[in-house]
Amino acid sequence: MGKLDGQVAIVTGAGRGLGRSYALHLARLGARVAVCDVDLHSYAEFDAEAAAMTADSTVHEIQAAGGEALGFELDVADRDAVFAMVEDVRGTWGRVDVLVANAGGGRGRPADTTASKVPPELFDLVLKMNLYGTYHCCSAVAPIMREQRSGRIVTVASYAGKVAGVGGGYAHYGTAKAAIAHYTRNLAQELGPFGINVNCIAPGVIATARIVKLVGGSTGSNSAADDIALRRYGSPEECARVIEFLATDLSDYVTGALIPIDGGWNRSD
């Protein structure tokens, strides 16, 4: 028996990277998983990610392992598309138990995205990708979970949402992620009386194919890891185990929390 047997999970941004890891892990726990991404084959952008795939999509990886999965290609910034997806999931499986609102990301270079200089259209785009996408997903599942009087919502912030970038770069992304963390606290207060737990994770440097390509190496055995207490990058699987904690009864009395997954990156908290 899996911890999530009979339950239904939605994971956004699950075509590759951390989202794929979350979806696969929840499926291994017994959940039926709705895999959502703007491109379900986005892994093809990175050779290492493509090489790690055991099928042509996360959906088919889950199905090949004996699990149940549905695939949805959508932009979480499109509120109507998000609500339609959630209704499709409920129409197929009758319920929604877990949401991992993972979709997001940044755009632009740090030098071009400082706090006062980030172009308005880029600021708007990144807020829509991250904050608004999270808001749409949570708004879509909340009525279903209220009716069930149960549910688990996990949102995704970032280390960048707590600590300013060097020189103020990537301000739009950090702002969006900080807003997600506080939105989560408010959502937890709203939904707690209905038996719904709402928490936020804040990954640090996690060795996805994209991050490895950006910073070099997969172990952190260079200056990029010097400020990390454990002196290495995290793995997608380590993040997925935190998702397991938050999606199961292991965290029954945890809500409104912001949980760093950063190996003790140099922090002031």
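We did not get these values from a lab; they are worked out from the coordinates using the rules stated. Everything quoted here is computed from the prediction, not taken from an experiment. Positions of Cβ are generated from backbone atoms using ideal geometry, with glycine treated the same way; all protein chains shown enter the neighbour counts.
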Query raised in the report: Which value, in debye to the nearest 20, gives the size of the charge dipole of the chain about its Cα centre, when Lys and Arg are +1 and Asp and Glu are -1 at the Cβ?
Result: 620
Requested in this report: Just name one of Val166, Ile153, Leu99: the one whose Cα is farthest towards the positive end of the charge dipole of the range 69-175 (beta-carbon charges, Lys/Arg +1, Asp/Glu -1).
Outcome: Val166
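Dipole of the range 70-174, Cα-centred, from +1 at each Lys and Arg C-beta and -1 at each Asp and Glu C-beta, to the nearest 20 debye? Intermediate values should be presented prior to the final figure.
Numbers: 11 positive and 11 negative charges, 92 e Å.
Using only the charged Cβ atoms, the result is roughly 440 debye.
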Report summary line: For the range 75-126, inverting the pair-averaged 1/r of distinct alpha-carbon atoms gives a Kirkwood value in Å of 13.7
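Rounded, prolate or oblate: which fits the range 28-112, taking a ≥ b ≥ c as square roots of the Cα gyration tensor eigenvalues, rounded meaning a/c under 1.5, else prolate when a/b beats b/c? Display every interim value, and only then the final one.
On the way: a/c = 2.35, a/b = 1.21, b/c = 1.95.
It comes out oblate by the Cα gyration axes.
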Report summary line: Tilt, helix 236-247 to longest principal axis of the chain (alpha-carbon atoms), in degrees rounded to tens, equals 50
Query - Principal-axis tilt of helix 17-28 within the chain, Cα atoms, nearest 10 degrees - result: 30
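If each residue of separation counts as 0.36 nm, what is the full-extension length gain between Phe194 and Ala84 once their alpha-carbon separation is subtracted? All intermediate terms of the calculation are to be shown ahead of the outcome.
On the way: separation 110, 0.36 × 110 = 39.60 nm, distance 2.34 nm.
My answer for the length gained is 37.3 nm.
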Query - the range 66-176 shape via C-alpha gyration tensor axes, a/c threshold 1.5 - result: prolate
**Report entry** Cα-based Rg of the chain normalised by 2.2 N^0.38 Å, two decimals
**Finding:** 0.96
Query raised in the report: Once the Cα atoms of helix 79-93 and of the chain are each reduced to a long axis, what angle between those two axes, in degrees from 0 to 90 to the nearest 10, is obtained?
Result: 40
Report task. Could you give log10 I(q)/I(0) at q = 0.09, 0.10, 0.14, 0.16 Å⁻¹ for the range 1-152, computed by the Debye formula over C-alpha point scatterers of equal weight, without solvent? Result -> -0.30, -0.37, -0.68, -0.86
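Hand me the trypsin sites (Lys or Arg not before Pro) from the range 95-168 located in a DSSP loop with no more than 15 other Cβ atoms within 10 Å, in residue order please. Don't jump to the answer; show the numbers that get you there.
On the way: sites: Arg95, Arg107, Lys117, Lys128, Arg146, Arg149, Arg152, Lys162; in loops: Arg95, Arg107, Lys117, Arg149, Lys162.
In loop regions of the range 95-168 (DSSP not H, G, I, E or B), the sparsely surrounded trypsin sites (Lys or Arg not before Pro) are Lys117, Arg149.
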